Amino acid sequence: MTRKIRNIGILSHVDAGKTTISEHLLFLGGAIKKPGDVNHGTTVSDNLKVEKERGVSVRSSDMSFLWNDYLINLIDTPGHTDFSAEVERSLQIMDGAILVISAVEGLQAHTYALWQALNTRNIPVLFFINKIDRQGANFENVVRAIEKEFHIPVFLMYCPRNEGTNLAEIQNVCVSNNIPEVASFYEYSMENLAELDEELLEVWLEGMRISTQTIRAKIKFFTQSNQLFPVYCGVAKSGIGITELLDAIIEFFPNPGESSGKLSALVYKIEHDQTMGRLAHVRVFDGEIRVRDLILNQKSGQQEKIAQIKKSLTGKLKDMVALESGDIGIVSGLANANSGDILGSDHKIPARANVQVPMMTVQVIPENEEDFVQLAQALETLYLEDPKLNMRWYRNEKELHIDLMGKIQMEILESMILQRFGLPVRFGQPTIIYKETPSGKGIGHASYTMPKPCWAVCTFAIEPAERGSGISYESRVSVDKIKQKYQNEIKTCIQSALAQGIKGWEVTDAIITLIDGEDHEIHSRPGDFIIATPMALMNGLLKIGTTLLEPMLSFTIVAPEELLGKVAGDLHKMRGTFDSPSFENGNFELKGKVPAATSLDYGIKLGSMSSGKGQARFSFHGYEACGDNEGMIRAYKGVNPLDRSKWILHARGAFKSDERRM
């Protein structure tokens, strides 16, 4: 039996009205008594104190309600690019998405990144053009931009009337197609639809009548197959267009797939509750989860017992006996679960789509030195909730470091740590995250045979790999020379051994091959090869040398023609490269790539020098080689395996000074 469920995400660039739309959806669905106000901090989805204070979504929130006998699981996501990790996790559980765009501002920088992520994952999308009542609203221009920039056909379900005024309302394009100003939208939309269907095209060209039922059935089919994209509009703060949007969610978005009975579920979010402990937000893609079930966590390899199942349904957290296939809920009892863990089998789990990657790292410093351990514990909790923070504890230096998307995230984290854990903190100067890669081919060798008892000899071939490929490892050594249990040790510690290279950054894009080595029947002990492997790899990298890699951003800059020379000059100074400009309506458009280190604040600079008329869009492009003088070399943190004696003493537990990666 097909369940009547809709798992829907709502996304937008910050301030397009996404959370306000969510509030009205919840209100109409009976989940709340009245819509909250972002400016007054009364929204349901923004429940953290820092969200209410700043009027910005920091965490995704999922709430469920009923509409026309359908269960709608609504996922409201942050709109600021600094909190893209929350969006990434949410994308995996959506069966459809509403992409909100302001009728005044139109397509904004983060809109492009969100569209790319949705398109990559083939998630069906409805567009909602909000704020049609505001002065400067231009529905038609926004529609043209959607088609031009995203290269997609749209169907205009509704269009505005009295646009840009307090009397703004919406008109049904199919029903009102006899009205002159609506007729052009109808003709335009029908041409887009007909071009997708030969039979419909023939009927359309012959001027024959096509029933509304047929049109809507075709829209549904092509929406769910990501070939057509319906467009709605309205005024979220007044609730205009929200009922129509709810009906569209039911009509055009797909049901979750049928269940085979074999459990396949994803932990997409972790929260910590003072009473219930670790709470796992779970989407069940296949099978079901029941209270007291023993569930296998693929990552940990452990089975854990489900203690409670809850669901945020119609405004209240309700106890559930089970979560069926296609549904979303909150599970307690999974004490070792982390965000991204797979429960049961992975046969139905969709791939994760990247929106942004952290490009800055920063030290977090307690204002009161005696709070250091508590701060480490607080950051560990936040890291479990957001793995992209990549928290590191360098014991030798007594430093705590995290990775960031941007400076707004840093400000929010400072407030969260104070409000949630009662710890005043400050941050060091953020730095760009560089990486390093082998500069050529070579050999890394280590012979760890003293002081007894120990015996681990290993030799690796090290060579650079294709950019963006990460680390690959294989063994060409027989188990007669190194027993399988010791080879397993080597394999498991390759990544951690390369967490820092000879220039202080993570080593990537390398092929590591175990080509020789030996153990000893009497002297080899468990852990010996975990000590030897980092020594061998670091010795190899020292002989070969490494090349610094820096993060690069793809950019699109649109600004008035008179600024072309100034912008081109800026880009050259920032070590950027770009194609020939194109020109339209008095503006130029430049596309290219530029180092993140030189350009993170350029969008603000462009806005200032163009009086707000210029726009710069940046997205992560990848890592590329740069000179040591263009990047940053830093000291190795913790005990360096190149310091053989100290490394062996440290590894054998003579003293504690390791880096702790949570």
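Since every read-out is calculated from the coordinates, none of them should be taken as a lab result. Not measured: the values here are computed from a predicted model. Every residue, glycine among them, receives a Cβ derived from its backbone with ideal geometry; neighbour counts consider all protein chains shown.
List of remarks:
- For Val58, Val594, Val291, order by how many other beta-carbon atoms lie within 10 Å, fewest first: Val291, Val58, Val594
- Out-of-range pairs (alpha-carbon distance over 31 Å; input Lys220/Lys593; Lys388/Lys591; Lys148/Lys237; Lys148/Lys593): Lys220/Lys593
- Share, in percent, of DSSP beta bridges within the chain that are antiparallel, nearest 5: 75
- When you count the other C-beta atoms within 10 angstrom of each residue and take the mean per peptide, 547-558, 293-304 line up highest first as 547-558, 293-304.
- Share antiparallel - DSSP beta bridges, segment 5-252, percent rounded to 5: 35
- Residues whose amide H falls under 5 Å from that of Asp286, counting only those 5 or more places apart or on a different chain, are Ser264, Gly326, with hydrogens built in the peptide plane.
- Between segment 315-338 and segment 517-565, the alpha-carbon centres lie 39 Å apart.
- Candidates Val87, Thr449, Gln227 compared by Cα position along the dipole of the chain: farthest toward the positive end lies Thr449, with charges placed on Cβ.
- Dipole magnitude of the chain, debye to nearest 20 (Cβ charges: Lys/Arg +1, Asp/Glu -1, about Cα centre): 1820
- Degrees separating the helix 407-421 axis from the principal Cα axis of the chain, which is the longest one: 80
- Projecting the Cα positions of Ile433, Gln487, Ile270 onto the charge dipole of the chain (unit charges on Cβ atoms of Lys, Arg, Asp and Glu, taken about the Cα centre) puts Gln487 furthest along the positive direction.
- Exposure proxy order (Cβ contacts within 10 Å, fewest to most) of Ile633, Ile98: Ile633, Ile98
- Computed from phi, the 3J(HN,Hα) profile of segment 79-96 under the Karplus parametrisation 6.51, -1.76, 1.60 (θ = phi - 60°) reads x, 8, 4, 5, 10, 5, 4, 5, 5, 4, 5, 6, 4, 5, 9, 8, 9, x Hz, with x in place of Gly and Pro.
- 31 Å Cα-Cα threshold exceeded, pairs from Lys269/Lys407; Lys311/Lys398; Lys310/Lys435; Lys33/Lys131; Lys269/Lys485; Lys269/Lys613: Lys311/Lys398; Lys310/Lys435; Lys269/Lys485; Lys269/Lys613
- Degrees between helix 18-28 axis and first principal axis of the chain (Cα, 0 to 90, nearest 10): 60
- Gap separating the Cα centres of segment 350-385 and segment 149-225, nearest whole Å: 48
- Nearest 10 degrees, 0 to 90: helix 372-385 Cα axis against the chain principal axis: 50
- Gain in span if fully extended, Gln224 to Leu642, counting 0.36 nm per residue against the direct Cα distance: 144.8 nm
- Unit charges at the beta carbon, dipole of the chain: most positive-side option, Ile152, Leu196, Phe27: Phe27
- Phi-derived couplings, Karplus 6.51 cos²θ - 1.76 cosθ + 1.60 at θ = phi - 60°, listed residue by residue for segment 486-503: 7, 5, 5, 4, 4, 4, 6, 9, 4, 4, 5, 5, 9, 5, 9, x, 6, 10 Hz, with x used for Gly and Pro.
- With θ taken as phi - 60° and the Karplus curve 6.51 cos²θ - 1.76 cosθ + 1.60 applied, the whole-hertz 3J(HN,Hα) list for segment 200-212 is 5, 4, 5, 5, 5, 5, 7, x, 7, 6, 10, 5, 4 Hz, x standing for glycine and proline.
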